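A.B. asks: Sharing a structure below in structure tokens format, with a few things to ask.
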Amino acid sequence: MDKRQLAQEIIQRYRYEVIQVVTDVLRIPSQNKPPVGEEKAVQEFMATYLARAGLPVELYQPDQVPGMREHPEFWPGRDYTNRPNLSSKLKGKGGGRSLLLTGHCDTVALGENVWTHPPFAAEIHQGKMYALGASDMKGQLAAMLVLYKAIAEQGIPLRGDLAFESVVDEEEGGVNATIAGRLRDGVMDAAILPEATGLDIYPAVRGALILGIYFSGAGTWLDVGKQAQQADAVAQLGIFLSHLDELRQRRRSHPVPPLYQPYPDPVPVQVTKVYGGGWGSEVPIAVPNEVRVEMIAQTLPGEEKEACWQEFNEWLESVMARHREAFPKPPRVEQKLRWMYPSQTEPTHPLVTTLVACASQVLGRQPTIKGAPYSCDLWALHRLFNMPAVVFGPTGGNSHAADEYVELDSLFAFLESLLLFILEWCEVAE
């Protein structure tokens, strides 16, 4: 039997189990609410699933890995009590390349989004499964878990080692757990991260500078601004927002790597949260004494943190210089989350070319190779451990929003492509 036929038959054989396990995993809440998170239950579910099949599996606390807290990229302030990583490895016969299948089991917090499909029901409607984490990325992670188990159960004799990993605390700039995985389990020849990509292949990810800007004012009522040096925080916010396009233009003036040239806006600058004064009848009618803004400036491979900070500060200084009367003192600016590095594996790397060839057989088209329109923990594998890594996953939508979903046909096309790639990359012993 050739590899393509073998991949088709295995995916068909496990189709019902994939749907069931994905459903079960999505029904277990695993929201990340820094500094804590609720990933324990879903990690224990997946560990039990592997253990019952006789596969090796370990749960461990990320910050207890030797060298983790001393690592230069350790981000402090997170509590990993009852937040274990999951690790499993199938030893190969020897002579093949190793592969890490890695994903995160945490989701963003539910927040105030209003869902039309219950966020923990995993409802299927018109070929889509809806749930918090369906596309980012518990849906793919659970499907990949079944695939990993299927390879072991079917007795496929891979030459190279195959590892499965589920990490905690990726959302909200965590990434400590991804670093802990490599410190504990070592570097492998390549890694696949199954974020939703629409079945395209992302060898690169954007970086991110996430800032909190705090505007302060007098916090009075109708007489705000009448006294000398009396600042208005809302007016400051308006000025800030009215000039934000200038920062966007500065960001777009930099050279754009080829993998990001398909995007109309390769380096987005976005306001993600605005807060001031509270809301409702229990809050007095008054101009707030503080207005807060959270913003994200995404970055491209080749950019460094210091240059991005300098560009932001120069822009903000230029805005204040034109509105000195509104800014008796500058707003306070702080880095909200860790600096997320932009990173790239070369498109000519065998990891990319082999995956393209395998996915093309399954999809009947060549997947597009481009940079991811987001940041994720791929950078830690590539930048800190020199591991070639790509993002590859199914079609999904509404990540970080209401009615998040994954398309099921796309999920199975992803699994078949991934299995064919594993057979090629790790090689099958005769």
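FYI, it's all coordinate maths here, none of it is from the lab. Please read these numbers as outputs of a predicted model, since none were measured by experiment. Here Cβ is always computed from backbone atoms with ideal geometry, including for glycine, and neighbour counts include all displayed protein chains.
A.B. asks: What does the charge count around Gly127 come to, taking other residues whose C-beta lies under 10 Å from its C-beta (Lys +1, Arg +1, Asp -1, Glu -1)?
C.D. replies: -1
A.B. asks: Related question: Return the sequence-ordered ³J(HN,Hα) values of segment 303-317 in whole Hz as given by the Karplus equation 6.51 cos²θ - 1.76 cosθ + 1.60 applied to θ = phi - 60°, using x for Gly and Pro.
C.D. replies: The phi angles translate into 7, 10, 4, 4, 5, 5, 4, 4, 4, 5, 5, 5, 5, 5, 4 Hz.
A.B. asks: Could you pull out every residue, at least 5 positions away or on a different chain, whose amide H is within less than 5 Å of the one on Asp189? Hs are placed 1.01 Å off N in the peptide plane, and Pro or chain starts have none.
C.D. replies: Amide H to amide H, under 5 Å and 5 or more residues apart or across chains, Asp189 pairs with Ser98, Leu99.
A.B. asks: Further question: Let me have the relative contact order for segment 207-335, percent, based on Cα pairs under 8 Å that are six or more residues apart.
C.D. replies: Relative contact order here is 43 percent.
A.B. asks: Additional query: Give, rounded to the nearest 20 debye, the magnitude of the charge dipole that the chain has about its Cα centre when Lys and Arg contribute +1 at Cβ and Asp and Glu contribute -1 at Cβ.
C.D. replies: Dipole about the Cα centre, nearest 20: 360 debye.
A.B. asks: Here is a further query. Give the percent of DSSP beta bridges with both residues in the chain that are antiparallel, rounded to the nearest 5.
C.D. replies: Rounded to the nearest five, the antiparallel share is 75 percent.
A.B. asks: Okay, next question. Hey, if you put +1 on the Cβ of every Lys and Arg and -1 on every Asp and Glu Cβ in the chain, which of Val333, Ser135, Met1 ends up farthest toward the positive end of that dipole?
C.D. replies: Met1
A.B. asks: Lys/Arg Cβ at +1, Asp/Glu Cβ at -1, dipole of segment 207-335 taken about the Cα centre: which of Val293, Thr272, Gln236 is farthest positive-ward?
C.D. replies: Gln236
A.B. asks: Tell me, what HN-Hα J-couplings in whole Hz come from the Karplus equation 6.51 cos²θ - 1.76 cosθ + 1.60 at θ = phi - 60° for each residue of segment 328-343, using x for Gly and Pro?
C.D. replies: x, 9, x, x, 7, 10, 9, 7, 6, 10, 4, 5, 9, 6, x, 7
A.B. asks: Sticking with this structure for a sec: Treating only the Cβ atoms of Lys and Arg (+1) and Asp and Glu (-1) as charged, compute the dipole magnitude of segment 207-335 about its Cα centre; round to the nearest 20 debye.
C.D. replies: With only Lys, Arg, Asp and Glu charged at Cβ, the dipole is about 120 debye.
A.B. asks: Then there's this: Give the shape of segment 302-430 as rounded, prolate or oblate, defined through the alpha-carbon gyration tensor: a ≥ b ≥ c are the square roots of its eigenvalues, a/c under 1.5 means rounded, and otherwise the shape is prolate if a/b is larger than b/c and oblate if not.
C.D. replies: Prolate shape, in that a/c is at least 1.5 and a/b is the bigger ratio.
A.B. asks: Using Cα centres only, tell me the gap between segment 395-430 and segment 78-129 in whole Å.
C.D. replies: Centre-to-centre distance over Cα atoms comes out at 13 Å.
A.B. asks: For the chain, what does -39500 (n - 2.57) per DSSP helix run (n ≥ 4), summed and divided by total residues, give at 222 nm, in deg cm²/dmol to the nearest 500?
C.D. replies: The per-residue figure over the chain is -9500 deg cm²/dmol.
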